[in-house]
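Here's the structure, in structure tokens; my notes come after.
The values are calculated or read from the model by the stated rules, or taken from the named source; none is laboratory data. Fair warning: this is a prediction, and the values are worked out from it, not measured in the lab. Heads up, the Cβs are rebuilt from the backbone with ideal geometry, glycines too, and the neighbour counts pull from every protein chain shown. For the accessible areas, the whole protein counts, side chains as well, though only heavy atoms, and no ligand, DNA or RNA atoms are used. Shrake-Rupley method; radii C 1.70, N 1.55, O 1.52, S 1.80 Å.
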Amino acid sequence: MRRLRMKVLLLVLAGFVPASAASFATKRLEAIARCLSLPEVDTLAVSMATDHYQYQGHALTVRKNRFGEIEHIGLRLFPQALRDVAPSPVYDFLERDFLERNLNGLDAGLRHQLAASHLSFVVGNARTALNFRGDEQFTEESIDMKRYRATWTRDGREVLTVSFDMDYEMMSGCNAIELEEQFVSRLKRFVPAQTPLPCVPTVPDSTDVCVVEGDSFLIREMRNDLFLERDSAGWHLINRMESPERTLSNMMLSPLFEPQSAVQLMVDKYGYASESVEIPYRHFLLMAIEEGCTPYFGVKTKNADGTYSGTLMLVNRRGGYVHMLSVTVPVASLSAGSEAVFSGRLLLYIPIFNVSDRFFEQNKT
């Protein structure tokens, strides 16, 4: 009898192995997975999306990230070709949201979050997506960087249209605390992809100094211009103490800048918490660019202690948020051959519609 009980216990425990073996990027995805039958989901290849699974006859998209976590589960609505050509955070959000609205057995917490989300159906409803044939045309419209409107048409007729806030907490399925924890966790583990860095831009041959003009964000001082000069070896980013502000801008804006620097980040978190992280600055910049951010930098002051203060804005217009890094850099480190270690205070996932020129002025010091 005792042996029989032991066998039963082993069988029960074995039934839990597939669920525990899978790792999920968010608690929300883990809750979704509990409602679905996803056999062998833990064996998916890293960075691989699959439509092997189905829900009520409709293919699902399940994707694992480079850290081995399931980072997306949703109805398959957007082909990979579209994601490659025109990436957008809207795709994962709509696929996950429509799946959740159709799921049976969703827990009370997620049902409440769905009811409270700022998404409205203009044409059709969540079940409309289950009846897509695959020949629908999709369009996405951003309205004043505050709302999205997403529309599917078939034969020139709207079959499904939704409108929703450009709210990254809602789109990511995470609250502010979880977003911050995820960012810091990814940052500590981040390894740049094995792809070539962008080349130094081509410039006219008629000069030995050139400004590669970018654009501005909020105020004219917050820009992403790059400053180049030419010597016997060719064109390169300016890096010398005689041009400290141009050197500092190049260092903050370009992953091509050499030598590499390290940054001691103080990450301000929700609820007055904070966490200190020291990493190669290039890793931080590349990770932000990889997630869709455009960097802008403005020098604020030269301080009496021999440091420069400045602000880096990492702007994700499609995600509707900004990361803001206020830095202090020693002037002595702004010289060729010197590997700077500088400090910075980081604010994450500031809603873009909350950022104004007044916000920048209030955070100048």
- Taking θ as phi - 60°, what are the ³J(HN,Hα) couplings along the stretch 236-242 by the Karplus curve (6.51, -1.76, 1.60), each to the nearest whole Hz, with x for Gly and Pro? 7, 5, 4, 8, 7, 5, 5
- In the full protein assembly as shown, how much of residue 118 is accessible to a 1.4 Å probe, in Å² to the nearest 10? 100
- Query: Quick one, which of [x] 39, 23, 18; [y] 54, 24, 19; [z] 43, 26, 20 is the actual semi-axes √(5λ) of the Cα gyration tensor in Å calculated for this model?
  - Reply: [z]
- Using a 1.4 angstrom probe and counting only protein chains, how large is the accessible area of residue 138 in Å², to 10? 50
- Leaving ligands, DNA and RNA out of it, report the carbon-plus-sulfur percent of the accessible area of the stretch 37-162 at a 1.4 Å probe. 48
- Task: Enumerate the amide H contacts of residue 166 below 5 Å, restricted to partners 5 or more residues apart or on another chain; note that Pro and chain-start residues carry no placed amide H.
- Result: 147, 148
- Message: If I model a spin label at residue 332 and residue 301 as a point 7 Å from the Cα along the Cα→Cβ vector, what separation in nanometres do I get?
- Response: 2.2
- Sorted by chain and then number, the residues having a modelled amide H within less than 5 Å of the amide H of residue 340, at least 5 places away or on another chain, are 262
- Karplus 3J(HN,Hα) series, Hz, for the stretch 297-312 with 6.51 cos²θ - 1.76 cosθ + 1.60 (x for Gly, Pro): 9, x, 7, 9, 8, 9, 8, 5, 8, x, 10, 10, 10, x, 10, 9
- Taking all protein chains together and a probe of 1.4 Å, list 230, 345, 133 from the most accessible to the least accessible. 133, 345, 230
- Task: At a 1.4 Å probe radius, which order do 84, 231 fall into by accessible area, largest first?
- Result: 84, 231
- Interchain or long-range residues, amide H under 5 Å from residue 55's placed H: 60
- Roughly how much of residue 66 is accessible, in Å² to the nearest 10, using a 1.4 Å probe? 100
- Taking 0.36 nm per residue of separation and subtracting the Cα-Cα distance, what length does fully extending residue 67 through residue 146 add? 25.3 nm
- Of 309, 232, which has the most accessible area and how do the rest follow, probe 1.4 Å? 232, 309
- Task: On a C-alpha basis, how far is the centre of the stretch 236-287 from the centre of the stretch 48-64 in Å? Whole number, if you could?
- Result: 39
